[in-house]
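Trainee: Have a look at this one before I ask anything.
The values are calculated or read from the model by the stated rules, or taken from the named source; none is laboratory data. The structure presented is a predicted model; accordingly, all values stated were derived computationally and were not measured. Positions of Cβ are backbone-derived with ideal geometry, glycine not excepted, and every protein chain shown enters the neighbour counts.
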Amino acid sequence: AQTVTQSQPEMSVQEAETVTLSCTYDTSENNYYLFWYKQPPSRQMILVIRQEAYKQQNATENRFSVNFQKAAKSFSLKISDSQLGDTAMYFCAFMGYSGGGADGLTFGKGTHLIIQP
Amino acid sequence: GAGVSQSPSNKVTEKGKDVELRCDPISGHTALYWYRQRLGQGLEFLIYFQGNSAPDKSGLPSDRFSAERTGESVSTLTIQRTQQEDSAVYLCASSFSAMEIYEQYFGPGTRLTVT
């Protein structure tokens, strides 16, 4: 079984600053996917970024980028030029390739990110 | 219907009553997933459907929980004889298929409160 750990329950930064959210995971699988989801107060989970483990290049999506360290089993999310709308819970999630989509996502407990004006 | 919808949005029920939660997936998505999110916790995977088949029900918390799906459409999650520990947000997600890893699109969830 795999586990996902997010060690920062809450973070607060000023608008326009850069912030990094940490995530570590444990798995015996070699091929897998990692995700960052955003959950605003509306409860709607929104996919922010995904990374396939076999790809060495770190994924980027506009202001969002990841630092994927496979050997260290670390998957951090960097948000550049943070905006008030980035305030939300952020969840790191794992899905093993061996199960296809059948195993569901394994989530960390989340980091509450607050962007201060 | 552009996204996944869930109903009701909120449900308050008395301990011991049965509740039924509904999920409407995105049209054309054959895979459907149910998750539970307890207060201050991440999401806990409960069960998935590929079409109307749920091959693995071991993730359901107890035998009071059951789920079904009609064709490749609506799914219902039923909790019988609700307990206070069942209080949580229940989220549904759908994806193109469970045969491979595709993006899961989530609904807004149903907040269940058992008094």
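Trainee: Restricting to the stretch B:10-19, give me the number of residues that are surrounded by 12 or more Cβ atoms within 10 Å (Cβ to Cβ) and either within 10 Å of the chain's Cα centre (by Cα) or within 13 Å of chain A (Cβ to nearest Cβ) (or both).
Mentor: Count: 0.
Trainee: Please work out which one of (1) at pLDDT 95 or above; (2) farther than 30 Å from B:SER9 by Cβ is the condition A:TYR37 fails and give its number.
Mentor: (2)
Trainee: Only one of A:ARG50, A:ARG43 is within 11 Å of chain B (Cβ to nearest Cβ), without any contact (Cβ under 8 Å) to a residue 12 or more places away in the chain and within 28 Å of B:GLY51 (Cα to Cα). Can you tell me which?
Mentor: A:ARG43
Trainee: Residues B:TYR35, B:TYR48, B:TYR102: which one is among the aromatic types (Phe, Trp, Tyr), at negative phi and touching a Ser or Thr at 6+ places or on another chain (Cβ under 6 Å)?
Mentor: B:TYR102
A quick yes/no check of all residues on (1) within 14 Å of the chain's Cα centre (by Cα); (2) more than 28 Å from A:THR111 (Cα to Cα):
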position: B:GLY40; (1), (2): no, no
position: B:TYR48; (1), (2): yes, no
position: B:SER62; (1), (2): no, yes
position: B:GLN84; (1), (2): no, no
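Trainee: Of all residues in the stretch B:32-45, which are assigned to a strand (DSSP E or B) and either in contact with an Asp or Glu (Cβ under 9 Å, 6 or more places away or on another chain) or more than 8 Å from every other protein chain (Cβ to nearest Cβ) (or both)?
Mentor: B:LEU32, B:TRP34, B:TYR35, B:ARG36, B:GLN37, B:PHE45
Trainee: Kindly indicate whether any position in the stretch A:70-81 is within 14 Å of another protein chain (Cβ to nearest Cβ), on the phi < 0 side of the Ramachandran plot and without any contact (Cβ under 8 Å) to a residue 24 or more places away in the chain.
Mentor: no
Trainee: Quick one: count up the residues across the stretch A:86-116 that are more than 10 Å from chain B (Cβ to nearest Cβ) and touching a strand residue (DSSP E or B) at 6+ places or on another chain (Cβ under 8 Å).
Mentor: Residues flagged as more than 10 Å from chain B (Cβ to nearest Cβ) and touching a strand residue (DSSP E or B) at 6+ places or on another chain (Cβ under 8 Å) within the stretch A:86-116 amount to 10.
Trainee: Residues of the stretch A:1-26 being within 14 Å of another protein chain (Cβ to nearest Cβ), in a loop (DSSP other than H, G, I, E, B) and either surrounded by 13 or more Cβ atoms within 10 Å (Cβ to Cβ) or not hydroxyl-bearing (Ser, Thr, Tyr) (or both), which ones?
Mentor: A:ALA1, A:GLN2, A:GLN6, A:GLN8, A:PRO9, A:CYS23, listed by residue number.
Trainee: Can you name the condition, by its number, that B:GLU100 falls short on among (1) crowded, with 21+ Cβ neighbours inside 10 Å; (2) acidic (Asp, Glu); (3) over 14 Å from the mean Cα position of the chain (by Cα)?
Mentor: Among (1) crowded, with 21+ Cβ neighbours inside 10 Å; (2) acidic (Asp, Glu); (3) over 14 Å from the mean Cα position of the chain (by Cα), the lone unmet condition for B:GLU100 is (1).
Trainee: Still on this structure: For the stretch B:47-115, give me every one of the strands (runs of 3 or more DSSP E) that falls completely inside it and has 3 or more residues that are at the interface with chain A (Cβ under 8 Å from one of its Cβ atoms).
Mentor: The qualifying strands (runs of 3 or more DSSP E) are B:88-95.
Trainee: How many of the residues in the stretch B:70-85 are buried (at least 22 other Cβ atoms within 10 Å of the Cβ) and without any contact (Cβ under 8 Å) to a residue 60 or more places away in the chain?
Mentor: Counting residues in the stretch B:70-85 that are buried (at least 22 other Cβ atoms within 10 Å of the Cβ) and without any contact (Cβ under 8 Å) to a residue 60 or more places away in the chain gives 2.
Trainee: Filter the stretch B:20-30 down to residues that are more than 12 Å from the chain's Cα centre (by Cα) and within 14 Å of chain A (Cβ to nearest Cβ) and give me whichever is farthest from B:GLY59 (Cα to Cα).
Mentor: B:ILE26
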